[in-house]
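Heads up, the thing below is written out as structure tokens.
Please treat every number below as a calculation from the coordinates, not as lab data. Nothing here was measured: the structure is a model prediction, and the numbers come from that model. Cβ placement follows ideal geometry from the backbone for every residue including glycine, while neighbour counts extend to all protein chains displayed.
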Amino acid sequence: MPEHASARAALGLVCDPGSLDELPYGDREDAGSDGPLDWAGYADARARAAERTGERESVVAATATVGGTGTVVVAFDFGYLGGSLGRGTGDRVEAAHEHARRHGLPVVSLVATGGSRMQEGMVALTQLQRLARQSALTRAAGLVQIAVARDPTTGGGWATLGAGADITLALPGAQIGFAGSRVRPADTDPTAYGAESQLAAGAVDALVAPDALAEAVGGWLRLLAPGRAATLPAPVPGALGRTDLPDTGQEAVRRARAPERPRADAYLDAYFSFRRELSGDRAGGTDDGMRCGFGEREGRTVAYAAQCGTATTPAGYRTAIRLLRLAGRLGVPVLTLVDTPGAANDAAAERAGAGAAIAGLFAAVAESPVPVTSLVIGEGGSGGALALAAPGATWVAPDAYFSVIAPESAAAILKRPAEEAGTTADQLRLRPQDLLELGLVRGIAKRTGEQLFA
């Protein structure tokens, strides 16, 4: 068993030294009983677990500071009956969430569990509903929840506190999955239940080594703890590339496609002093061409969703939806950077629900309770780009364009020769100055410190 398997060791990896203050639980006075099912030997098993671990239940709940941020922390002790969830576990987790809501604190769950406790039967299983309700109430209160999936994190603990958190980190090599090792099909691929596979499948945001947990969790809390959000819309980033305007539509397209044009990473690095990325759509996919996360700008937090110049996949759109919804719930303004030749349109994208994913992003932007600011930094290719652009709050960089369709595709649809793509680009009026004249953008971005065209 890893040295960080105990609750106290896990807390020591994350919490600031000397800051831990265990919550009063009001534990049930039934330590000598065999539980709600009168399961023979259950009392003895709990007594042995208590002697082995020094704990009276499978979780420890406390207040602490993590990276200087006040937090409620819930840590599972795998040595106590496999970190299983029983009625007493539910009592403690509920007390932790109630304390968090009462004092406006984020919740960090350090999960290591094999699932529901067999000796309590359905009484144990229904604790999952109880945990889900507490998580929902904390979510509704606008408080962030961060989970660290330790080894192992399986069963209902994964399906509630782990996978249900706003940000989910995992220890490298940890066993993670709904199905525990003893109930999986005999011929299943064991690697599917590892932290690395869960990261690739979009269920985990990052793998973090034990000695880096304090910094990782503290960084997220620094960005997402209450009071960190800006109240005004995110400022428009300054242009990083060319600032002169193109003479023709074909020149606008050529500039946007130039390999040397600044991409999303350059804009994000220039815009933020500190940032953290989330990963995955929580539905089985990731898209390296969509950067989503939260960053610090002038002491305040701004969320971002940024296309990186590739065709955006359904997983990319769903990850952006996840980002927008989390930002809206936490009251954090959003910056989007538009740069894609269009949505992925191959068979794999259709099977993954491209239309529904794009529709969902259009809706998430339209329904956002926080202001969304958009800047087109490269190619604005059709609806796959427009879905990430905020109506009435979109700017365009001088070396970018926005079009109903790529000029080459427009020429093909109109049955024109390929050499007429340039003429078609002019007719589409896709240059930054065309978009401004047509009232489709608020302005053309200039370098930082220079005035926007408007």
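Tabulated data
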item	result
For region 3-224, alpha-carbon Rg relative to the globular expectation (2.2 N^0.38 Å, N residues)	0.96
Positive-pole candidate from Thr126, Leu171, Phe76, dipole of region 3-224, charges at beta carbon	Thr126
Prolate/oblate/rounded label for the chain (Cα gyration tensor, a/c 1.5)	prolate
Charge dipole magnitude, Cβ of K and R +1, D and E -1 - the chain, Cα centre, debye nearest 20	760
Computed [θ] at 222 nm, deg cm²/dmol, the chain (DSSP H ≥ 4; -39,500 (n - 2.57); rounded to nearest 500)	-9500 deg cm²/dmol
Fewest-first sequence of Glu57, Glu94 by Cβ atoms within 10 Å of each Cβ	Glu94, Glu57
About the Cα centre, charge dipole magnitude for region 322-396 (Lys/Arg +1, Asp/Glu -1 at Cβ), debye	320
Distance between region 186-229 and region 324-366 - C-alpha centres, whole angstrom	22
Fewest-first sequence of Ser374, Ser273, Ser84 by Cβ atoms within 10 Å of each Cβ	Ser273, Ser84, Ser374
Sorted by Cβ neighbour density within 10 Å, fewest at the top, the residues Thr424, Thr231, Thr126, Thr89	Thr231, Thr126, Thr424, Thr89
